[in-house]
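Peer 1: I am attaching a structure below and will ask some questions about it afterwards.
The values are calculated or read from the model by the stated rules, or taken from the named source; none is laboratory data. Keep in mind that this is a model prediction, so the values were computed, not measured. Note: ideal-geometry Cβ built from the backbone for every residue, glycine included; neighbour counts use all protein chains shown. Accessible surface is based on the protein model in full, side chains and every heavy atom, while ligands, DNA and RNA are left aside. Shrake-Rupley method; radii C 1.70, N 1.55, O 1.52, S 1.80 Å.
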Amino acid sequence: MDFNSIDLSITLPDLWQQDAVRHIQNGEDVVVDAPTGAGKTYIFELLVESRKLNGQLIYTVPTRALANDKLLEWREKGWNVGIATGDIAENLDAPILVATLETQKARLLNREKPRLIVIDEYQMISDPSRGVNYEMVVAIASEKTQLLLLSGSVQNPQDIVKWLKRIGRKAALVSHKDRPVPQEQLHLDGLPDRAPKSIFGYWPRYIYRALMADLDPILIFAPHRKDSERIARQIAASLPEDDPLELSPEQRRLTGDSLAKLLKVRVAYHHSGLSYKQRAGVIEPLAKAGQLRVVVATTGLGAGINFSMRSVIVAERDYRQQDQVSQVRADELLQMFGRAGRRGLDDRGYVLVLPNKPKLEDAAPIQLRRSPQIDWPSFLSHMYQAQQRKSDPKKTALKLAASLFAKTPLSLGFESETASLHLEVESGSTQTQPQKSVPTANASSREKNTVIEILNSKDDWERRKGPYSVPLERTLSRYREKWKPSYQVAASFADFSFGTTCKITEGKLRFYGKEWIVAHFPKESDRHRLFLAKRYRKDLRAKLHKIEGKPISVPKMINLEDLDSHLRHTIPIVTNGGALHEIVERNGGIVARIDMRSVEIMSRKDSHGLYLLNAPEREVTSAYENFSLKDHSLASKSSQFAAPSKIWQQLGLVDTDGYPTRRGVIFSFFNHGEGLAVAAALEDKDYPIEQLIWDLANLRTGHRFDELGDLGSRLSYVCRETFGSVTHSGYLRRGLPEEYGEGGSELVYNTAKESKWKHKVIGGEISAGDVERVILEWKSVLRQIANAPEFPWDRWMELQFQIREKIHLAQRGQNLLDLPTLTSRQRSRKPIPFRVKRQNYQ
C-alpha cells in the first residue's frame, strides 16, 4: 500500500485503519466495527489524502449538524468540499461531498454512480423511521460505487458483510475493539463529599464531588429540554465565579443573557430548542476547546453531538421524541458513554454513575436487523423506471426485494404468476420459493390466516407483537376499561412470586410495590443480629449463581447496622431491577418495601409505540380484501394485514396490473408520506399552487405548533378526503403524513413577510430552535421538489416552476455556516482546575 502522499508526521494510521484503506483501494466494500472515538472517520481522510480513488467521494452522516461540522472541519484542511443536507445544497459537484443520507438516495435512484459512499453510523438500518432509507442506499448502489460502512455499536457486523456478498458485492470486515482512551466506571457515591453546606441539591453536590476529583469536563445526558436547563442552572448557581469565561460580543449576542450567565461559570445546556448557531457556533466549540466544565445535553441529541469530554453521566433512559416518550436503547447508551475520554487530552475517560441510573453494564451493541417497514417510494420509483423501459414492474420490484437486508421472508403480495423471493440474512444465502398468491376480491376463496390480536392503547385490535422486556414503569395495564401506568394498578404485580403487593408514597406520588419479609430477630434478646429469611436467601443464591456461573454462599445472619447497605445492593439483583424503598419492623420481622418501577418485565408493544402488560387478546382469521378507502373504519382496521401491493392499490399508487399511477409516480419522488400529501393536493385543481407552497411547511412541523393552526389547513383536509383516516406506519397516521402538524404554514408565511407574529410563540414549549427547524424543513421540502425529476403533468410542472422561481429570487439569508470563531484566549488558555481553585479558596 502506498502512503507516500500522506503526511504521517501528524497522525500515524493504526494497522486496522491501513487495512480498511487497503481493502477500499483493492476495490472492495468495507464494514468497519470500532468504538466511538477510535478514528473511523480518519479512514476516509486517508483515502482522500492518498488520491488513489478517481471520482466523487461522498461522506453521509445522520444529521445536518454533523454534516455542517464535517464541512467546516474539512474546508479548514483546504479540501474542495460540497454539502447536501436538504436545506443546503452547495458545490454539489465537488470531489468531496458531505451529506445527509436521504439526499443521496435520490441520486442513486436516478442511477448516478459516485466513486465511494461512506455511511457513518450504519446501525441506523434498524431505526424505525429512517432505517428503510439506509437499507435502500446499500441495496441500490451501483457495483461501480464502493461502500464504506462505519459504526461502533453493532453486535453482528458480519451479517452486513454476508448481505453485501449475497447481493453480489465484494466486502470485508475490519474490526478493532480497543478504545484509544480506556474507560473506567466510577460511582459518584463513592467519591468524597467535600461540598460546603452552602451547596445543596441533588445535582450540585454530586457534580461538586466530580469537580473536586478532577473529573471535568463532564457531559450529562438529561431526558428533556426542561431537565437539561434546570440541571444546568442548578449546577451553575452553586459554582463560584472565580475563573469566569469571557465571551466575545458576537458570542454574547447569539447566546442571550440567560445562557451567557451560565457560560460565565463554564456551564451550558445543549438541546434542539437552541438555534444552530447557538449550538454549533458557541457551545460545541467551547466544549471542544475544553473551556466548559459541565454540559447538560438532551438524550435525543445523543447521536448528533460531535464532541467528547472527560466524563459522561446519563441521568435517565426515558426521553421525549416529538409527542412520544422513548427509551434510550442499549446501543445508544454505548454511543453516549463512548463520549467519555478525549483522544490526545485524557489518559482515561470516566463513566460516572448515580444510584439507580444507567451504568456501563446497561450499554451494549445492537443486534442489527432491518426495520419492519418497506421503502414504498423507492419500490415505486424502480417500478416506474421499469415501465419506461417496457419491463415488468412486478419482477423489478421482486428483484429489489431480494436485495434487502431481510431477516424474515419478504413478500410484496403480487399475483401468482410472479414468484416471491424469500431471504434469510443470517444464513447468508438467497432462497427462492414460490409464494401463494394474494387473491383478488372476486376470487372464489380467500387465503385465510389465523393471527393473535391484542387490544392496543387506543382500544383498537391489532396483530400481537413481542414480547419485549422493558421496565415496569414504561408499561400500561388495563383497569376499568382504561389504560393506566402499570405501577398504579395492583393487578400488575400478580405475576411476581415473592412478597405481597403494597402501596408506596413518594412525595405526592402514590403507586404500588412489593413487601417482602427478608429477615427476623432471633428468639433471644439480641437486637444487633438478624437471621436472613430462607426464601430471600434461596432466591439470592439462585440469582448470584446465574450471574457468577458458580454456587455462591449467602450468610444466614447479618448485623443490624449492615442490613440497609446489604439490601440496597441485593434487592436489585433478586428482583431483577427493583429498588429498596424503606425497611420496616413488623411482628418480630424485618420487611423490605420494594419500588418495582425499574423491574424488567415482559410486555407487548403496540403500533403507537406503547408497551402493554397483560393486554386483552383474541384469535381471529384475517383475509386480504380489496376494499374502498371511503370505508374509513374498515380501512383502519383491516389494512394492517394487507400485503404492500394491496395497500398501494388501495391508496391509488398502482393499478391492478402493478403499474404506478400518476399519484404513485409523484409519491416516488419523496421519502415517507410527504408525496401522498403533495399528490393529493395537486389532484385538487381548485387548490392554488401558491397557497400549497406555504402549506408544505406543515409536512414536517410536528406537534409543537398544532395550537397555532387549530383551524386546519386545506392540505390536511385534502389528505383526509383522499385517503380517509387510514394509518400505515411510516407513511400515514389517520390520513396525514406522520410528521404533519398544523401551524407551520402560518409561521413561515409571517416570518417571510417580516411579521413580528413569530416572536409571540417564543417561550414555553416552543423556542427559537423550533422555529428555525420548521423553516429549515420547509426549505428542504421546497428544494426536494425543485430538484425532483420532471413529469408531464401541468400541475406538477407549475409547482416545480414556482418553487424554482422562489428559490432563485429569494434573498440569501444568514449563512448557517458563518459561525463565530473562538477568541485567542479561549483557544489558548485552559481553565484553572476546579480542585486547585477550591483548595485555594478554602
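Peer 1: Just a yes or no: is a residue in segment 633-643 modelled with pLDDT of 80 or more and open to solvent by 30 Å² or more (accessible area, probe 1.4 Å)?
Peer 2: Initially, segment 633-643 is screened for residues modelled with pLDDT of 80 or more, giving 643.
The next check asks that each one be open to solvent by 30 Å² or more (accessible area, probe 1.4 Å); those that pass are none.
Taking every residue of segment 633-643 in turn, none turns out to be modelled with pLDDT of 80 or more and open to solvent by 30 Å² or more (accessible area, probe 1.4 Å).
Let's see how each residue does on (1) outside any loop (DSSP other than H, G, I, E, B); (2) crowded, with 16+ Cβ neighbours inside 10 Å:
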{"residue": "D346", "(1), (2)": "no, yes"}
{"residue": "Y350", "(1), (2)": "yes, yes"}
{"residue": "P355", "(1), (2)": "no, no"}
{"residue": "P358", "(1), (2)": "no, yes"}
{"residue": "R370", "(1), (2)": "no, yes"}
{"residue": "H382", "(1), (2)": "yes, yes"}
{"residue": "Q387", "(1), (2)": "yes, yes"}
{"residue": "S391", "(1), (2)": "no, no"}
{"residue": "K399", "(1), (2)": "yes, no"}
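Peer 1: Mind checking whether some residue in segment 457-474 is in a loop (DSSP other than H, G, I, E, B), under 21 Å from S607 (Cβ atoms), among the polar types (S, T, N, Q) and open to solvent by less than 40 Å² (accessible area, probe 1.4 Å)? Let's see the steps before the verdict.
Peer 2: At the first step, the residues of segment 457-474 found to be in a loop (DSSP other than H, G, I, E, B) are 457-460, 464-467.
Then keep just the ones that are under 21 Å from S607 (Cβ atoms); that gives 457-460, 464-467.
Still in the running and among the polar types (S, T, N, Q): 457.
Pick out the ones that are also open to solvent by less than 40 Å² (accessible area, probe 1.4 Å) and you get 457.
Checked against the condition, which is being in a loop (DSSP other than H, G, I, E, B), under 21 Å from S607 (Cβ atoms), among the polar types (S, T, N, Q) and open to solvent by less than 40 Å² (accessible area, probe 1.4 Å), segment 457-474 yields at least one hit.
Peer 1: For segment 217-241, which residues satisfy the criterion of being part of a loop (DSSP other than H, G, I, E, B), over 20 Å from A260 (Cβ atoms) and open to solvent by less than 40 Å² (accessible area, probe 1.4 Å)? Spell out how you get there, then give the answer.
Peer 2: Initially, segment 217-241 is screened for residues part of a loop (DSSP other than H, G, I, E, B), giving 217, 223-224, 239-241.
Subset that is over 20 Å from A260 (Cβ atoms): 223-224.
P223, the sole residue that qualifies.
Peer 1: With the requirement that a residue be open to solvent by 10 Å² or more (accessible area, probe 1.4 Å) and either of a type in the set (D, E) or outside any strand (DSSP E or B) (or both), what does segment 81-105 give you?
Peer 2: Passing the criteria: G86, D87, I88, E90, N91, L92, D93, P95, E102, T103.
Peer 1: Are there any pairs, at least 6 apart or on different chains, whose C-beta atoms fall under 8 Å, with the first in segment 111-126 and at positive phi and the second outside any loop (DSSP other than H, G, I, E, B), and if so, which?
Peer 2: The qualifying pairs are E121/V61; E121/L150; E121/S151; E121/A303.
Matching residues to (1) more than 30 Å from R464 (Cα to Cα); (2) open to solvent by 70 Å² or more (accessible area, probe 1.4 Å):
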| residue | (1), (2) |
| --- | --- |
| L544 | yes, no |
| P551 | yes, yes |
| P555 | yes, yes |
| I558 | yes, no |
| D564 | yes, no |
| E585 | yes, yes |
| G589 | yes, no |
| V599 | no, no |
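Peer 1: For the subset of segment 248-258 comprising residues that are within 33 Å of the chain's Cα centre (by Cα), at negative phi and free of Cβ contacts under 8 Å to residues at least 24 places away in the same chain, which member is most open to solvent (accessible area, probe 1.4 Å)? Before you say what the answer is, go through the steps one by one.
Peer 2: Start the filter on segment 248-258 by keeping residues that are within 33 Å of the chain's Cα centre (by Cα), which leaves 250-258.
Next cut, at negative phi only: 250-255, 257-258.
This time we only want the ones that are free of Cβ contacts under 8 Å to residues at least 24 places away in the same chain, so: 252-253, 257-258.
Details: R252: 113, R253: 152, D257: 119, S258: 59 Å².
In this case the residue turns out to be R253.
Peer 1: I need the full set of residues from segment 524-542 which are closer than 19 Å to R593 by Cα and open to solvent by 80 Å² or more (accessible area, probe 1.4 Å), in order please. Reasoning before the result, please.
Peer 2: The initial filter retains those residues of segment 524-542 that are closer than 19 Å to R593 by Cα, namely 530-540.
Matches in segment 524-542: K534, R535, K538.
Peer 1: Which pairs turn up if I take residues in segment 560-572 that are free of Cβ contacts under 8 Å to residues at least 40 places away in the same chain and look for partners that are of a type outside the set (D, E, K, R) and in a helix (DSSP H, G or I) with beta carbon separation below 9 Å, at least 6 apart in sequence or on another chain?
Peer 2: Listed pairs, sorted by first residue: T570/Y536; T570/L540; T570/L544.
Peer 1: Based on this model, can you work out whether A287 counts as buried (at least 17 other Cβ atoms within 10 Å of the Cβ), under 21 Å from G273 (Cα atoms), modelled with pLDDT of 90 or more and touching a His at 6+ places or on another chain (Cβ under 7 Å)?
Peer 2: Working: buried (at least 17 other Cβ atoms within 10 Å of the Cβ): yes; under 21 Å from G273 (Cα atoms): yes; modelled with pLDDT of 90 or more: yes; touching a His at 6+ places or on another chain (Cβ under 7 Å): no.
No: the conditions fail for A287.
Peer 1: Can you find a residue in segment 189-198 that is part of a helix (DSSP H, G or I) and within 24 Å of the chain's Cα centre (by Cα)? Talk me through it step by step, then tell me what you get.
Peer 2: Residues of segment 189-198 that are part of a helix (DSSP H, G or I), as a first pass: 189-190.
With within 24 Å of the chain's Cα centre (by Cα) added as a condition, the list becomes none.
No, segment 189-198 contains no residue that is part of a helix (DSSP H, G or I) and within 24 Å of the chain's Cα centre (by Cα).
Peer 1: Within segment 478-504, count every residue that is part of a helix (DSSP H, G or I), small (G, A, S) and in contact (Cβ under 8 Å) with a residue 24 or more places away in the chain.
Peer 2: From segment 478-504, those part of a helix (DSSP H, G or I) are 486-488, 490-493; that's our starting set.
Next, only the ones that are small (G, A, S) stay: 486, 490-492.
Remaining after also requiring in contact (Cβ under 8 Å) with a residue 24 or more places away in the chain: 486, 491-492.
So the count comes out to 3.
Peer 1: Here's something else I'd like to know. Can you pull out the residues in segment 156-181 that are surrounded by fewer than 16 Cβ atoms within 10 Å (Cβ to Cβ) and assigned to a loop (DSSP other than H, G, I, E, B)?
Peer 2: Passing the criteria: G168, K170, K177, D178.
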